Amino acid sequence: MNTARLEIKVQPGASRNEIGPLKDGILNIRVNQPPHRGRANEAVILLLSKSLGVPKSCISIVGASKSRLKSLEINNISQAVVNERLRKFTSISTTG
């Protein structure tokens, strides 16, 4: 069974839902839902599900569910496929 991991930083309450950019290995995701009662987490999972072409049930938050920095696991998909599918949404950026 393939499992991919993603480190993300979530900006809840944004004007729109969008993915990107990737900065220092952390994928930035903006969602229009507030963090109240897990709505932002649900929006993140829905956005990634649609963008990656996997069911919502394959995506789970495995670390820091109440923080803006989160760790995700995506089941039934390889890391290489996740990286390829996210490439169209992201640009590479580094600090310095």
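Working ranking of peptides 47-59, 19-31 by packing, defined as the average number of other Cβ atoms within 10 Å per residue, highest first, is 19-31, 47-59. Amide H contacts under 5 Å for Ile77: Asn2, Thr3, Ala4, restricted to partners 5 or more places along the chain or on a different chain, H placed in the peptide plane at 1.01 Å from N. About its Cα centre, the chain has a charge dipole of approximately 260 debye under the convention of +1 per Lys or Arg Cβ and -1 per Asp or Glu Cβ, with nothing else charged. Ordering Ser57, Ile19, His36 by the projection of their Cα atoms onto the charge dipole of the range 1-63, which places +1 on the Cβ of Lys and Arg and -1 on the Cβ of Asp and Glu, puts His36 at the extreme positive end. Between Ser49 and Lys23, the C-beta separation translates, for a Förster distance of 30 Å, into a calculated FRET efficiency of about 0.85.
Here each label is just a point 7 Å from Cα along the line to Cβ, and for Asn32 and Gln79 those points are 3.5 nm apart. Between amide H atoms placed 1.01 Å from N, distances below 5 Å from Gln11 occur with Ile29, Arg30, Val31, all of them 5 or more places distant or on a separate chain. Among the protein heavy atoms of the chain, carbon and sulfur supply 48% of the accessible surface, probe 1.4 Å, non-protein parts ignored.
With only the Cα atoms considered, the chain has a convex hull volume of 95 Å³ per residue.
The values are calculated or read from the model by the stated rules, or taken from the named source; none is laboratory data. As the structure is a prediction and not an experimental result, all values here were calculated from the model. Glycine also receives a Cβ, built like all others from the backbone with ideal geometry; neighbour counts cover every protein chain displayed. Ligands, DNA and RNA are stripped out before the accessible areas are found, and what is left, the full protein with its side chains, is counted by its heavy atoms. Shrake-Rupley method; radii C 1.70, N 1.55, O 1.52, S 1.80 Å.
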